[in-house]
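What follows is calculated from the coordinates using simple rules that are stated; it is not laboratory data. Bear in mind that the values here come from a model prediction, so they are computed numbers and not experimental data. Neighbour counts are summed over all protein chains in view; Cβ atoms, including those assigned to glycine, are modelled from backbone coordinates with ideal geometry.
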2 protein chains.
Amino acid sequence: MPIVSLDRLQELATRALTRAGADFDMAAATARALVYADARGLASHGVSRIPQYAVHLSNGRADGNARPKVVAAKGGAALVDAGFGLAYPACALAVHESIRRARDFGVAFAGVTNSHHFGAAGYHLEAVGAAGLVGLAFGNSPAAISAAGGRRPIFGTNPIAAIFPRPKAASLLVDLSLSETARGKLMIAAKEGKPIPLGWALDKNGNPTTDPGAGLEGSMLALGGNKGAMLALVVELLVTALTGAAIGCEATSFFVDEGNRPRLGQAFLVIDPAALAGRAVYDERIEALVAAITEDPALRLPGERRDALANAAANEGVEIPAALHRQLTELAGEG
Amino acid sequence: MPIVSLDRLQELATRALTRAGADFDMAAATARALVYADARGLASHGVSRIPQYAVHLSNGRADGNARPKVVAAKGGAALVDAGFGLAYPACALAVHESIRRARDFGVAFAGVTNSHHFGAAGYHLEAVGAAGLVGLAFGNSPAAISAAGGRRPIFGTNPIAAIFPRPKAASLLVDLSLSETARGKLMIAAKEGKPIPLGWALDKNGNPTTDPGAGLEGSMLALGGNKGAMLALVVELLVTALTGAAIGCEATSFFVDEGNRPRLGQAFLVIDPAALAGRAVYDERIEALVAAITEDPALRLPGERRDALANAAANEGVEIPAALHRQLTELAGEG
C-alpha cells in the first residue's frame, strides 16, 4: 500500500473535493477531518469517504457552495443551518459558537440541521479540549438501528463523543457509536469482500448475517441490546427534535449514489468547569480518576492509543489502499 | 404480600425516615421518590432502600438535617452542595435551578456534590418534562464497573436518564444504568437468596459468577463491554470533575452499614426547545419519530409500560414483600 504524508493527503483530499464541486473552505475543512481520522487508524471515517462525498457533491445530495449560518440563538443555545452542505464547516461553526457561549454562560448547546455525514465525532471536540472546556458531541446518520424490540432500522448508529481536557497531558477523548460496531466497518468489509462476525448486524428480514452487504441493507445491532437502542433514541431526539433535522429513517443511505439530501443533525454540548466547582477542583478530580485507572499498568486511557497513532502518522505518513489512492489522484485531476 | 396504597406508603416511608433522623422535608422528598419507583415496578429503587437509608441517617453516613445550597452559579450553570444529606432535596433544588436557567439561557447544567444515592434517575426529570423542556440526568454510585479492560471496579453503575415531553401525550422517558443490569437487582437476589445469570457480574478476582453476593463484592459488567465502560467514564467525569464529588471507587458501598459519607455526584442538563428550532418544529419532529416507532404495533414507547403500572398502582396500591412491610412499620414506630 502507498504511504502518503498527512500534508500530501490533505492536499489530495482538498483538491478532489474542490474538483467535485466544494468551495475551498468546505473542501479544506472536510479534508482536515478525514485526514485526522486516517492518522488515528479510523480508515472508515477517513479519505475512504471522498469518492462518496464527491458523488454527492456532483449529484446535488450535498451543496458544495453552502455557507453555514447561525439561524437561532439565546444565551447558551444556538442553532446552525448547514444549508445542505458537507457537515464539517457547519460543525466547526457550531463548536465555535458553543465554546464562546460556554465561556459567557457556563454551558452551551449548539445544534446543526440540514447537515450531512460528520465523520469521527471526536474530531469536532478537539477545539473544545484545546480551549480547556468539557465537550460532548452527538450525531445521527441514515437509519441503521431499530427501536427496542423492532426489526426495521429507525435510528442512525448515533455516535457519542466526549472530551475532558487534563491540566498537563493530552485530553481524554471518548468516541463511540451506539451500534455494536461501526457501520463504516461493514462498508470496508463489503468493499474488501470479507465476511463480518455474527452479532454485528441483521439482514433486511431481521435475521443474523455475516454478509456485510446484507447487513448494510438490514439493521445494525445496538450496543447491549435494548439499552443501546434506548440511548440511540435519546441521541436521535437531541439532534432532530431540537434542530429540525431529519430522523435516520427519513435520510437515504450514504452508501448509495442517488437519494435525498440527508438533512441530518448534530449537536455539541460544552461546559466550562470554571462555572461549577472551578478549575482547581476539576484538575484534581480528573487526575484522581486517571490515577485510579492507571494503577493497573495494562490499562490505557481513552484516546491514548489514537494519539500515539497520530504522532506516528505525523512523522511517517499513513498507508492508503492502492485502489483508493488511485481513485483519489484521479478525482484530484492527477490521474 | 401486603397491598399498600401509595398514600399509605408515602406516610409510612416519611415516618420511618423522620424517626431515623431526617427532617420532614428530606423525609417527604425521599419518600416521594421511592414511592414513585415502587409504583412503576422499580422495587430495587423503592422503599426497599429505607432500612439502608435509616442506618445511614443513624450512623452519620447521611446527615438528616442537611440543607442543600447553590454554591456556584453562572448563566446556565449551577452547582448544588447536598451537604451530605440524602440526595433527593438537593436533586430537586438542582432541577429547579436548571429549569429556571434553561428558560433564561436556553440550556442549563446543574451539578450536585456531597450527595448520596439518588434512586431512579428518571424521577428527577418528571418536573423537567412537565415544564415542557428536554432533560437529561446523570449520576454515579459506589464503584461497580471497571475501566475498559480492567478488573477492579472504579466507576459506578452510572445511570443516564432522559425526558422528552410530547405535545398531547405522556413524555418519553428513558432511564438506564450502564451496567449490563442494575446493581439493585443483585441486592434483591442476594436478599432472596436467588442466583443471578452469568454475564451480569464478576467476582472480586475478575471471574464470572452467579452468586449475587460475590457479584456485589466484585464488579458489574458494563453494557456492551468496553463501549459501556467508556460511557461510564464519561458520566463519572461529568458528575465528579465538574462538581467536586467523589469518584465511585472513593465511596463506600451503600450495601454495608458502616463506611464513609459517599459524597456522590449528580448532574442535570435541561434544554429549552424554544431556544433552538422552536416549539412547533420540536413537536412535529418528536411525533414523526413516535409514528416511525409505533408503525410496528408490537413496539412500546419508552416509559409507556411504567406509566401504565403507575396508573394501576395509583388505583390499586402496590405489593410490598411481607418482611419489608414489617420492617417499615417498625421503623415508623408502628411495630
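Using a basic spin-label model with each label point 7 Å from the Cα along Cα→Cβ, how many nm lie between B:A322 and A:A170?
Reported label-point gap for B:A322 and A:A170 is 6.2 nm.
Just tell me how shielded B:225-236 is by partners: mean number of partner chain Cβ atoms within 10 Å of each residue's Cβ, no decimals.
5
Under 10 °C and 1.306 mPa s, how fast does chain B diffuse according to Stokes-Einstein, given a Kirkwood radius computed over C-alpha pairs? Answer in µm²/s, whole number.
My calculation gives 78 µm²/s for D.
What average count of beta carbons from other chains do you get within 10 Å of the Cβ of residues in B:14-26?
Taking all residues of B:14-26 together, the mean is 0.
Using the number of other C-beta atoms within 10 angstrom as an exposure proxy, rank A:H116, B:H45 with the fewest first.
Final ranking by Cβ density, sparse to dense: B:H45, A:H116.
Grab the other residues whose beta carbon is less than 12 angstrom from that of B:G150, score K and R as +1, D and E as -1, and report the net.
+1
Just tell me which lysines come within less than 25 Å, Cα to Cα, of A:K191; anything on the same chain fewer than 8 places away is out.
Counting by Cα, and skipping residues close in sequence, A:K191 has these lysines nearby: A:K204.
With runs of 4+ DSSP H residues as the only contributors, calculate the mean residue ellipticity of the protein assembly as shown at 222 nm using -39,500 (n - 2.57) per run, divided by the residue total and rounded to the nearest 500.
It comes out at -12500 deg cm²/dmol, rounded to the nearest 500.
What is the order of B:T14, A:T157, fewest Cβ neighbours within 10 Å to most?
B:T14, A:T157
Which links in A:K227/B:K227; A:K227/B:K168; A:K74/B:K74; A:K227/B:K185 stretch past 18 Å when you go from one Cα to the other?
Beyond 18 Å between Cα atoms: A:K227/B:K168.
Starting from a label point 7 Å past Cα on the Cβ side, list the distances from A:G225 to the same position in the other copies, nm, shortest first.
Taking the point 7 Å beyond Cα along Cα→Cβ, the inter-copy spacings are 1.7 nm.
Say each of A:E217 and B:I188 gets a label point 7 Å from the Cα, pointing the same way as Cα to Cβ; how far apart are those two points in nm?
4.3
With the label 7 angstrom out along Cα to Cβ, how close does A:A280 come to the same site in each of the other copies, in nm, nearest first?
Going from nearest to farthest copy, the values are 5.2 nm.
What is the average number of partner chain Cβ atoms found within 10 Å of a Cβ in A:299-305?
Across the residues of A:299-305, the mean count of other-chain Cβ atoms within 10 Å is 3.
Check every DSSP H run in chain B and write down those whose alpha carbon atoms cover 27 angstrom or more along the long axis and whose mean Kyte-Doolittle hydropathy is -0.5 or greater.
What comes out of the filter, once short or polar helices are dropped, is none.
For A:K69, list the aspartates and glutamates whose Cα falls under 17 Å from its own Cα; do not include residues on the same chain fewer than 8 positions away.
The qualifying aspartates and glutamates are A:D23, A:D25, A:D81, A:E97.
Would you list B:C249, B:C91 from fewest to most Cβ contacts within 10 Å?
B:C249, B:C91
Starting with the highest mean, order A:282-292, B:20-30, A:235-245 by the number of other Cβ atoms within 10 Å, averaged over the residues of each peptide.
A:235-245, B:20-30, A:282-292
Report the FRET efficiency, 1/(1 + (r/R0)^6), for B:D257 and B:E284, where r is their Cβ-Cβ distance and R0 is 60 Å, rounded to 0.05.
For R0 = 60 Å, the calculated efficiency reads 0.70.
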